[in-house]
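I have placed the structure first, in the form of structure tokens, so that the comments after it can refer back to it.
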Amino acid sequence: MLLVLAQFCRAAEPTISADSRPPEIRPIEFRPTDPLNQSAIDHYYNLDYDFAVQDFERILARHPNDPFAVNHLLSAVQVRELYRMGAMNAGEYANDSFIGQAHRPADPVQKARIKQLVQQAEKLEEAELAPNPNNVDMLYARGVTRGQFALYTALIERAWFSALRNAVGARRDHERVLELDPHYTDAKLVVGAHNYVMGSLTFAVKMAVALVGLSGDKEKGLQYLTEDFHSNGETSVDAGVVLMVFLRREHRYAEAYEIAGVIGSRFPRSYLLPLEQANLLRASGKNEEAEQQYRRVWQNGRDGKYGNLHYEIAALALGDLLRSQKKYEAAAAAYELVTQVSAADPEFLQKANLGAGEMYDQLRKRDLALKKYEAVVAINSGNAEADKARNRMKEAYRE
């Protein structure tokens, strides 16, 4: 598993509809065979990361020598930390950098845990590969571990060369898996993602990486990810999430929207996928449908569907949408919704207060605007939002 199933038709561009009904989804068999797998996976993809980690720890305790069990726990620990850091917004991976910007620093304890699990998995994998270098399952498992460590070094350590080295190692392991067993579809996630990224580089960068034996093909990457998504294998959900991000980059919003709907229907306690559907509707110019979807996510959160997850980002995004349409009164009201959430994410709350203040300035409601700017500084006086708020206190904001 790397991040965020069933049939997906690419024969024609589907019509985006907020009421699309995804097809039936078959259960997936995860390794090692354990009765807790389904609970762990449901928790994982519904963003219940603490419970997912607990489940995967219990599975590993029962299968201490299985690198698949270690890799699943590694993934859960790592993604939990990335979510806490604020590095899980799909939109931030839709530009040419491919690198999302974490909003909070990593926890040193979790960094140490991730590295320990990487070492634990590699030790088990190498022990099996030493007598049999063509052990397909162990090659695949080692590629997963290397892929996870590449994710760690890129998004947590921000160590690009180390990340590239591990990503290349993961790709080569999984390419070898596919040579030995072309039907090992789970391996197409890493190979497909790497092909797409390398195929999207500028010509100059492509020439440079070609000198060290790397190449890429965007279309092959998308094809591999689509096949993996269709396969209903262990990596099919992740392939769908990665494919959704890449299709967004390609402005193929309708296809990305359908994938988000299919995966989101299986994991209804996660707000990220319905939120991404709203973002995709907005990106495709369907502003009225996007507004409805943002409001739907917000209301589902108010109704308790997402538990304690930070669904208030839907109100922040709604405010941004209405603001872009110069509906300043409605935008201010949307930003104010964030303040209704107990224990709202401080970053979201700060941005919402700043946005509301700017809207009140646009509406010539200076007293209300000043109160909002003061609230921004009170939350965190040492960041860019606070600097903007202090400037707005001196001079009213105008668009």
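Only the coordinates and a few stated rules stand behind these numbers; no lab work does. Owing to the predicted nature of the structure, the values given are computational and were not obtained by experimental measurement. Because the Cβ atoms are built from the backbone with ideal geometry, glycine has one as well, and the counts that use them run over all protein chains shown.
Side notes on the structure shown:
- Among 287-294, 387-394, sorting by the average number of other beta carbon atoms lying within 10 angstrom of each residue, highest first, gives 287-294, 387-394.
- Residues SER381, SER236, SER270 in ascending order of nearby Cβ atoms (within 10 Å, fewest first): SER381, SER270, SER236.
- Here, P(r) means the percent of Cα pairs in each 10 Å bin from 0 to the largest distance; for segment 29-181 it is 11, 38, 37, 13, 0.
- With the charge dipole of the chain set up from +1 on Lys and Arg Cβ and -1 on Asp and Glu Cβ about the Cα centre, the Cα lying farthest toward the positive end among the listed residues GLN362, VAL245, LEU73 is that of GLN362.
- Packing, as the average of other Cβ atoms within 10 Å across residues, places the peptides 115-125, 36-46, 67-77 in the order 67-77, 36-46, 115-125, highest first.
- Packing rank of 152-158, 170-176, where each peptide gets the mean count of other beta carbons within 10 Å, highest leading: 170-176, 152-158
- Of LYS372/LYS394; LYS286/LYS365; LYS326/LYS394, pairs whose Cα-Cα distance is over 19 Å: LYS286/LYS365; LYS326/LYS394
- Euclidean distance of C-alpha centroids, segment 100-149 and segment 252-317, integer Å: 32 Å
- For segment 128-208, a Kirkwood radius taken over Cα pairs fed into Stokes-Einstein (25 °C, viscosity 0.890 mPa s) yields D = 186 µm²/s.
- Applying a DSSP loop filter and a limit of 10 other Cβ atoms within 10 Å to the trypsin sites (Lys or Arg not before Pro) in segment 279-342 leaves LYS326.
- All other residues whose Cβ lies under 12 angstrom from that of PHE348 are scored, Lys and Arg at +1 and Asp and Glu at -1, for a net of -4.
- Qualifying lysines (Cα of each under 17 Å from Cα of LYS220; at least 8 residues distant if same chain): LYS188, LYS206
- Cα gyration tensor shape for segment 255-394, rounded if a/c is under 1.5, else prolate or oblate: prolate
- Rounded if a/c under 1.5, otherwise prolate or oblate - the chain, Cα gyration tensor axes: prolate
- From helices alone, the chain scores -21000 deg cm²/dmol at 222 nm; the rule is -39500 (n - 2.57) for each run of n ≥ 4 DSSP H residues, then divide by the residue total.
- Separation between Cα centres of segment 61-85 and segment 167-186, rounded to whole Å: 21 Å
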